[in-house]
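Read the structure below first, then the notes.
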Amino acid sequence: MPARTGAQYIAGIRDRAAEVYIGGERVKDVTTHPAFAGGLRTVAGLLDMQHAPALHDEMTYTSPSTGDPVGLSFIMPRNAEDLARRRNMMRNWAKLSCGMMGRTPDFLNVAVTSMAAASDYSGLNRPEFKQNILDYYEYIRENDIVMTHTLVNLQRSRAVGATPFDDRTEVALSVAKETDAGLVVRGARVLATLGPLSDEIAVYPARTRRVPAGDEGRYAFGFAIPCNTEGLKFQCRDSVDLGRSHFDHPAGSRFEEMDAIVFFDDVLVPWERVFLYNDVALCNQWGERTNRNAHTAHQVVTKNVVKCEFMLGLATLMVDTLGSGDLPATQHLIAEIIENLEITKALLAASEAQASVDEWGIFCPDYRPLLVARKKMIDMYPRMTEILHLLGSSSLMALPAEADLNGPLAEDIREYMDTDTATAEERIRLFRLAWDVSCSAFGSRQTLYERYFGGDGARNAALLYQIYDRGAQRDMVEEFLSLE
Ligand SMILES: Cc1cc2nc3c(=O)[nH]c(=O)nc-3n(C[C@H](O)[C@H](O)[C@H](O)COP(=O)(O)OP(=O)(O)OC[C@H]3O[C@@H](n4cnc5c(N)ncnc54)[C@H](O)[C@@H]3O)c2cc1C
């Protein structure tokens with residue numbers, strides 16, 4: 001099947017309904033439920049972009065097996081041109097949500113593609129796992145599957161010395177038994193962003209964590225299954241789509257990607273969907289050795305450039321509207337966002353300039369600048385929302401709703417709320433967006449997302465410490481010390 005349309009995606013989510021719970025109830029149809037429908041429409045819009053005449057060539061490439069146009073994020077890059085084309089495609093998707101949706105399908109497309117490109121790695125575990133990951137990659141590419149993933153065991157005790165793996169209550173997801181049909185897994189995981197809006201869910205070890213060595217093989221696995229697999233349940237948080245108009249809630253009404261806890265209640269994972277199992281060392285090295293970490297970081301940082309651009313544009317409009325651009329303090333704050341944007345752009349460019357063909361024959365961006373960019377965003381994004389607070393101050397609360405523009409105080413609003421550059425309505429529209437990005441439940445979730453979705457700052461720092469070869473720098477100092 002060629003790249004899907006939004007309507008085909010929505011029909012699939014409706015027809016293969018997963019067990020999704022919110023507010024004490026099972027959701028009958030996520031495609032019409034107000035908690036999810038706005039976000040779902042945006043995901044559908046991403047898929048429709050693949051069919052827009054002006055974008056079709058930028059968003060798709062020719063399937064090597066069918067000759068059909070398929071999504072470009074499934075491409076296995078072989079050279080600089082492929083990598084740049086893939087980045088451009090991912091940038092187009094990021095722009096649709098102003099960088100506010102993290103789990104656009106390209107993230108997991110790129111993850112599975114890189115594991116399939118390095119299928120020999122799965123074969124080191126068991127020969128049949130090599131074919132499993134290749135078949136799965138082909139399946140998601142040809143059917144344009146939308147995926148979520150859940151990599152982290154639910155917090156229970158993070159005390160020093162405790163691991164989620166020796167928890168007697170079996171909270172950590174583990175293999176309960178092996179059968180002829182496959183693995184039966186039990187436990188809970190966080191968080192499946194886009195879970196209720198996905199066709200399939202992937203489970204594999206997180207980049208920033210290690211499965212401890214020893215006899216914990218039953219915690220070492222990677223697999224993917226349909227979201228409607230029996231025993232799989234998605235428990236959602238409150239929706240940040242408040243059911244308001246785009247005017248009132250411009251981001252939340254469009255970009256709710258939902259995060260869910262996933263309960264695995266004796267879920268059968270068929271053997272053909274297992275990509276690694278019961279080899280702690282292989283599981284722990286998977287992301288690095290296959291370069292999955294580098295490719296997913298390439299998607300994340302591409303998205304982050306768009307997000308920084310959006311924050312800069314928003315801050316600029318706020319300053320222009322309030323006429324505060326001549327104030328040195330304002331210029332200082334805007335300069336900070338410019339720095340964030342330029343640093344992120346430069347790191348993305350460096351990753352491509354230093355890209356090389358890896359041991360799997362794939363043209364791979366340099367992970368080091370991408371990891372730095374990911375880690376920087378953990379601090380930069382919360383600061384950028386803080387800058388919106390500092391620039392906007394009371395205007396972030398002086399926010400009549402759309403209905404008020406036609407309500408009893410409409411005349412007062414129009415008379416008093418304009419500025420030198422904006423009508424009252426333009427000002428309110430702008431500051432409702434700034435509020436939604438920096439103050440609303442949607443905005444708070446964005447900040448939490450950037451802080452944590454890819455692991456916390458401390459673990460990302462540890463990862464940078466581990467992967468960064470500092471030999472040349474140490475030699476440089478040793479050479480200096482050896483001078484007479
Ligand atoms: C909005 C949002 C969306 C997410 N989406 C996804 C998703 O789609 N898929 C997915 O798999 N996960 C997702 N996550 C989960 C994310 O990967 C985790 O939140 C993250 O890895 C941190 O793990 P934790 O929440 O268990 O916190 P913890 O590991 O408990 O850490 C909490 C804090 O304590 C510190 N800490 C605790 N223990 C240690 C330790 N041993 N060493 C160092 N520091 C420690 C950390 O620095 C951190 O600041 C999402 C999270 C959020 C907030």
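The values are calculated or read from the model by the stated rules, or taken from the named source; none is laboratory data. From a predicted model like this one, the values you see are computed outputs, not experimental measurements. As a convention, Cβ positions derive from the backbone with ideal geometry for all residues, glycine included, and neighbour counts pool all protein chains shown. Ligands, DNA and RNA are stripped out before the accessible areas are found, and what is left, the full protein with its side chains, is counted by its heavy atoms. Shrake-Rupley method; radii C 1.70, N 1.55, O 1.52, S 1.80 Å.
Table for the structure above
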read-out: Evaluation of Thr229 against (1) hydroxyl-bearing (Ser, Thr, Tyr); (2) at pLDDT 95 or above; (3) within 16 Å of the ligand (Cβ to nearest atom) (one fails), failing number; value: (3)
read-out: Options Arg374, Arg427, Arg432: the member that is within 16 Å of the ligand (Cβ to nearest atom), surrounded by 18 or more Cβ atoms within 10 Å (Cβ to Cβ) and at pLDDT 95 or above; value: Arg374
read-out: Meets criteria (free of Cβ contacts under 8 Å to residues at least 40 places away in the same chain, touching a strand residue (DSSP E or B) at 6+ places or on another chain (Cβ under 8 Å) and of a type outside the set (Val, Ile, Thr)) for Glu230; value: yes
read-out: Condition check for Arg103: within 16 Å of the ligand (Cβ to nearest atom), assigned to a loop (DSSP other than H, G, I, E, B) and modelled with pLDDT of 95 or more; value: yes
read-out: Of all residues making up segment 62-78, the number that are of a type in the set (Val, Ile, Thr) and either closer than 18 Å to Glu352 by Cα or out of contact with any helix residue (DSSP H, G or I) (no Cβ under 9 Å at 6 or more places or on another chain) (or both); value: 2
read-out: Pick from segment 64-81, criterion closer than 18 Å to Tyr139 by Cβ and open to solvent by less than 20 Å² (accessible area, probe 1.4 Å), ranking: nearest to the chain's Cα centre (by Cα); value: Ser73
read-out: Cβ pairs under 8 Å, 6+ apart, first in segment 379-405 and within 20 Å of Ile337 (Cα to Cα), second not in a helix (DSSP H, G or I); value: His389/Cys439; Leu391/Ser324; Leu396/Cys439
read-out: Flag for Ser482 being open to solvent by 20 Å² or more (accessible area, probe 1.4 Å), within 25 Å of Ala329 (Cβ to Cβ) and of a type outside the set (A, V, I, L, M); value: no
read-out: Unique match (being crowded, with 20+ Cβ neighbours inside 10 Å and closer than 19 Å to Ser114 by Cβ) among Thr321, Thr290; value: Thr290
read-out: Residue count, segment 38-68 (criterion: charged (D, E, K, R) and under 15 Å from Met89 (Cβ atoms)); value: 3
read-out: Residue in segment 383-396 that is within 25 Å of Leu348 (Cα to Cα), open to solvent by 20 Å² or more (accessible area, probe 1.4 Å) and part of a helix (DSSP H, G or I) present; value: yes
read-out: Any chance Leu242 is open to solvent by 30 Å² or more (accessible area, probe 1.4 Å) and either among the aliphatic types (A, V, I, L, M) or within 23 Å of Pro226 (Cα to Cα) (or both); value: yes
read-out: Selection status of Gly361, at positive phi and modelled with pLDDT of 95 or more; value: yes
read-out: Strands (runs of 3 or more DSSP E) wholly inside segment 174-223 containing at least 2 residues that are away from the ligand (no atom under 13 Å from the Cβ) and touching a Phe, Trp or Tyr at 6+ places or on another chain (Cβ under 7 Å); value: 174-178, 182-193
read-out: All positions within segment 435-479 that are open to solvent by less than 30 Å² (accessible area, probe 1.4 Å) and more than 25 Å from Lys303 (Cβ to Cβ); value: Gly471
read-out: Any pair with Cβ under 8 angstrom, 6 or more apart, that starts in segment 252-269 at a residue that is on the phi > 0 side of the Ramachandran plot and modelled with pLDDT of 95 or more and ends at one that is within 10 Å of the ligand (Cβ to nearest atom) and not in a strand (DSSP E or B); value: Met258/Leu194; Met258/Gly195; Met258/Arg237
read-out: Identity of the residue in segment 143-175, at pLDDT 65 or above and among the polar types (S, T, N, Q), that ends up farthest from Gly67 (Cα to Cα); value: Ser157
read-out: Every pair of residues 6+ apart whose Cβ atoms lie under 6 Å, when the first sits in segment 450-462 and is within 13 Å of Val372 (Cα to Cα) while the second is more than 6 Å from the ligand (Cβ to nearest atom) and modelled with pLDDT of 95 or more; value: Gly454/Arg374; Gly457/Ile378; Asn460/Lys375
read-out: Candidate set from segment 327-368 (those that are among the hydroxyl-bearing types (Ser, Thr, Tyr) and buried (at least 17 other Cβ atoms within 10 Å of the Cβ)); member that is nearest to Ala297 (Cα to Cα); value: Tyr367
read-out: Any hit, segment 406-424, residues being modelled with pLDDT of 95 or more, within 35 Å of the chain's Cα centre (by Cα), over 18 Å from Met100 (Cα atoms) and not in a loop (DSSP other than H, G, I, E, B); value: no
read-out: Residue in segment 106-140 that is surrounded by the fewest Cβ atoms within 10 Å (Cβ to Cβ), counting only those that are more than 16 Å from the ligand (Cβ to nearest atom) and of a type in the set (Gly, Ala, Ser); value: Gly123
read-out: Filter result for Leu399 (surrounded by 20 or more Cβ atoms within 10 Å (Cβ to Cβ) and either among the aliphatic types (A, V, I, L, M) or within 16 Å of the ligand (Cβ to nearest atom) (or both)); value: no
